[in-house]
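The values are calculated or read from the model by the stated rules, or taken from the named source; none is laboratory data. Every value quoted in this text rests on a predicted model; they were computed, and no experiment measured them. Counting neighbours? That spans all protein chains shown, and the Cβs are built from the backbone with ideal geometry, glycine included.
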Amino acid sequence: MENHTFGLSIRHVSKTYWNGTRALNNVSLDIPPGMFGLLGPNGAGKSTLMRTLATLQEPDEGQIFLGDIDVINQKDELRETLGYLPQDFGVYPKVSAEELLDHFAVLKGIINRAVRRETVEALLKQTNLWEKRKQQLGGYSGGMKQRFGVAVALLGNPKLLIVDEPTAGLDPAERVRFLNLLSELGEKSVVILSTHIVEDVSELCTNMAIINKGEILLEAPTLEAVAMLNGKIWRKLTDKNMLPELEQEYQVISAKLLGGRTLVHIYSLETPGNGFEPIEPNLEDVYFSTITGSYVKALKVKEVKK
C-alpha cells in the first residue's frame, strides 16, 4: 500500500449529479494536520466535498487518503476516526444534552459505563455545556446546539473532523465562543472548516483553499495568500452611481456600503490615481480577487518575474 504521511490527500476527485450538475471538477488538495479552511460561495461544491470526505456519497472518480486509510474503499475504518458536524444536524428537543451524548457514545462503541460517563463529562466541559447538561436540547440557543454538535463529533478522538458552515446564523458572542472551541481542536487532528464566511478562516486556519463552481482556484498558507497581494489592493470611498464607471476602468474586486457611501476595493499592479489609496490586504481581498480572477493574474506576474 502507498505510504501517506498523516494528513488528508485528495486526488482528482470529480462528482456529477444525476441532473447534470458538475459539483466537483478534478479537485486535488493536500490537507495537513491543523485547521484548514475551505472557502467558497454557496453552491461552490463545498458541501459535496465534505459529504464525500465523510463517506456519505462516493465520487465518480478520484482517490482520497487519510494517512494510510483509503477513504473510498475503507469506509468503516474512516468512520471509526471521523467527526462530522454537518450544516444542518437535528437534535431531539425533549432530551437532555447529557442523555443524548451518552446515547451517541454507545453508538460510537464506548460500551463501558464508567468510561462513557467520563467521556461525556469531559466533552460537555470542553464545549462549555456542563452547567446546562440537564437542560433539554430544545431550549438550547443556536450556538449551544452547535457546540453540542462538536461534542458529538469529538466522540472517539477523531483524526479527521469536518465542520460544515458552523457559524452561519450565530450571534457575534456565540460565534466567538464557537471559534475559540474549534481553535483548540486543530492541534491533534485534521480539522476542515467549510464556510462562506471569510473571517472564520482568517481567524482560525493556517492553510486554506478557495473553491468555486466545483474547482479549486487557490490553495495556500493563509498568511502567504494575503502577502501575495501586498501593494496590489487600493480603495476609494465613492457614490454608488459611480460604480459602473469604475468597473469599466479598473479591476473592482469588491464594493460595500459604508456610512451611506460605497467603499470600493480594486486590484492594480500600478498606482491607479483617481483618489485611490493603498491598503494592507486581508483574506477578504484574497477571496474576492480569486473569485474575480485577479489573483491568478498576480501569480502569473510573479512567475514571469522569477
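Restricting to the stretch 252-271, and then to whatever is more than 26 Å from D200 (Cβ to Cβ) and within 30 Å of the chain's Cα centre (by Cα), can you tell me which residue is surrounded by the fewest Cβ atoms within 10 Å (Cβ to Cβ)? Once the filter is applied, the top-ranked residue is L269.
Results for (1) at pLDDT 85 or above; (2) of a type in the set (D, E, K, R); (3) touching a strand residue (DSSP E or B) at 6+ places or on another chain (Cβ under 9 Å), shown as yes or no for each residue.
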site: G109; (1), (2), (3): yes, no, no
site: A114; (1), (2), (3): yes, no, no
site: Q136; (1), (2), (3): yes, no, yes
site: T167; (1), (2), (3): no, no, yes
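Looking only at the stretch 211-218, decide whether some residue is under 26 Å from the mean Cα position of the chain (by Cα), at pLDDT 90 or above and in a loop (DSSP other than H, G, I, E, B).
Yes, the conditions are met somewhere in the stretch 211-218.
Cβ separations smaller than 9 Å between residues 6+ apart or across chains give the following pairs from the stretch 165-185 residues that are in the same structural domain as R147 (by TED's automatic domain parsing) and at positive phi to residues that are hydroxyl-bearing (S, T, Y) and at pLDDT 80 or above: E165/S47; E165/S194; E165/T195. Residues that are within 25 Å of E199 (Cα to Cα) and part of a strand (DSSP E or B) within the stretch 129-182 comprise L160, L161, I162, V163, D164, listed in sequence order. I'd like to know if the stretch 53-69 contains one or more residues that are assigned to a strand (DSSP E or B), assigned by TED's automatic domain parsing to the domain that holds D164, free of Cβ contacts under 8 Å to residues at least 24 places away in the same chain and surrounded by 15 or more Cβ atoms within 10 Å (Cβ to Cβ). Yes, because at least one residue in the stretch 53-69 is assigned to a strand (DSSP E or B), assigned by TED's automatic domain parsing to the domain that holds D164, free of Cβ contacts under 8 Å to residues at least 24 places away in the same chain and surrounded by 15 or more Cβ atoms within 10 Å (Cβ to Cβ). Do we find a residue being within 27 Å of I197 (Cβ to Cβ), in the same structural domain as E215 (by TED's automatic domain parsing), outside any helix (DSSP H, G or I) and touching a helix residue (DSSP H, G or I) at 6+ places or on another chain (Cβ under 7 Å) anywhere in the stretch 101-121? Taking every residue of the stretch 101-121 in turn, none turns out to be within 27 Å of I197 (Cβ to Cβ), in the same structural domain as E215 (by TED's automatic domain parsing), outside any helix (DSSP H, G or I) and touching a helix residue (DSSP H, G or I) at 6+ places or on another chain (Cβ under 7 Å).
In the set (1) crowded, with 18+ Cβ neighbours inside 10 Å; (2) within 22 Å of L8 (Cβ to Cβ); (3) basic (K, R), the condition left unmet by K188 is number (1). For the stretch 229-246, filtering for residues that are of a type in the set (A, V, I, L, M, F, W, C), surrounded by fewer than 19 Cβ atoms within 10 Å (Cβ to Cβ) and outside any helix (DSSP H, G or I) leaves 1. Going through (1) free of Cβ contacts under 8 Å to residues at least 60 places away in the same chain; (2) surrounded by 18 or more Cβ atoms within 10 Å (Cβ to Cβ); (3) among the acidic types (D, E) one by one, D200 falls short only on (1).
When restricted to residues that are over 24 Å from L82 (Cα atoms) and of a type outside the set (V, I, T), the stretch 163-199 contains 7. So Q146 ticks every box in (1) closer than 13 Å to L100 by Cβ; (2) crowded, with 20+ Cβ neighbours inside 10 Å; (3) in contact with a strand residue (DSSP E or B) (Cβ under 8 Å, 6 or more places away or on another chain); (4) not basic (K, R) but one. Which box is left unticked? Here Q146 clears every test but (1).
The lone criterion from (1) in contact with a Phe, Trp or Tyr (Cβ under 8 Å, 6 or more places away or on another chain); (2) at pLDDT 90 or above left unmet by T127 is number (2).
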